[in-house]
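Only one structure is covered here, and it is reproduced in the block below.
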Amino acid sequence: MSSAAAKWVIASDHAGFAMKNALRDAMKGLGLPVDDLGVDSETSADYPDYAHAVAKAIHDGRAERGVLVCGSGIGVSIAANRHAGIRAALCHDAFTARVARMHNDANVLCVGARIIGLGVAEDLLRVFVETPFEGGRHQRRVEKIDPNSAA
């Protein structure tokens with residue numbers, strides 16, 4: 001299934017709340033079916049809880065791809081990558097978003113709300129959605145990262 005047709009989930013901690021909401025709206029504008037798993041305010045929240053929720057939704061088959069936002073993007077990417085089948089990529093520019101999909105078959109886009117602006121984040125989302133996995137020589141590498149990803 002292409003990224004554009006996939007079911008998506010999105011979540012953030014308090015630092016990423018505003019960006020998460022804007023990205024959720026951008027996803028809807030791209031025609032992506034998306035579930036918002038929280039947070040619902042800027043009240044302090046623990047980013048691992050939301051990273052785990054996105055990873056679980058993908059693992060359980062309720063979604064195929066996800067977006068996570070925290071202050072730096074680092075915490076959510078580390079927490080999400082603790083789960084089998086999750087290939088969460090922290091991206092800062094269009095190139096990193098493109099190769100995360102092309103070469104790593106990333107299924108979760110992670111961004112830092114305190115690192116990049118909303119315009120860049122929206123570009124990353126668009127590139128992440130539109131870029132297919134190349135497969136080929138990259139497939140065996142992805143399988144070494146995640147043995148559950150065999151084609």
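Has the stretch 62-72 got at least one residue that is in contact with a strand residue (DSSP E or B) (Cβ under 9 Å, 6 or more places away or on another chain) and without any contact (Cβ under 8 Å) to a residue 40 or more places away in the chain? For the stretch 62-72, residues in contact with a strand residue (DSSP E or B) (Cβ under 9 Å, 6 or more places away or on another chain) and without any contact (Cβ under 8 Å) to a residue 40 or more places away in the chain: absent. For ALA97, the requirement of being outside any helix (DSSP H, G or I) and aliphatic (A, V, I, L, M) is not met. Being closer than 20 Å to ASP123 by Cβ and at pLDDT 95 or above is a description that applies to ALA26. Within the stretch 106-151, the set of residues being closer than 21 Å to ALA84 by Cα, assigned to a helix (DSSP H, G or I) and at pLDDT 95 or above comprises PHE128 only. With respect to ASP60, determine if the residue is surrounded by 15 or more Cβ atoms within 10 Å (Cβ to Cβ), closer than 22 Å to ASP105 by Cβ, more than 12 Å from the chain's Cα centre (by Cα) and at pLDDT 95 or above. In short, no. Quick one: would you say VAL54 is touching a Gly at 6+ places or on another chain (Cβ under 6 Å), among the aliphatic types (A, V, I, L, M), under 16 Å from SER12 (Cβ atoms) and assigned to a helix (DSSP H, G or I)? Taking the combined requirement at face value, the residue satisfies it.
The values are calculated or read from the model by the stated rules, or taken from the named source; none is laboratory data. Keep in mind that what you see is a predicted model, and the values were worked out from it rather than measured. Glycine also receives a Cβ, built like all others from the backbone with ideal geometry; neighbour counts cover every protein chain displayed.
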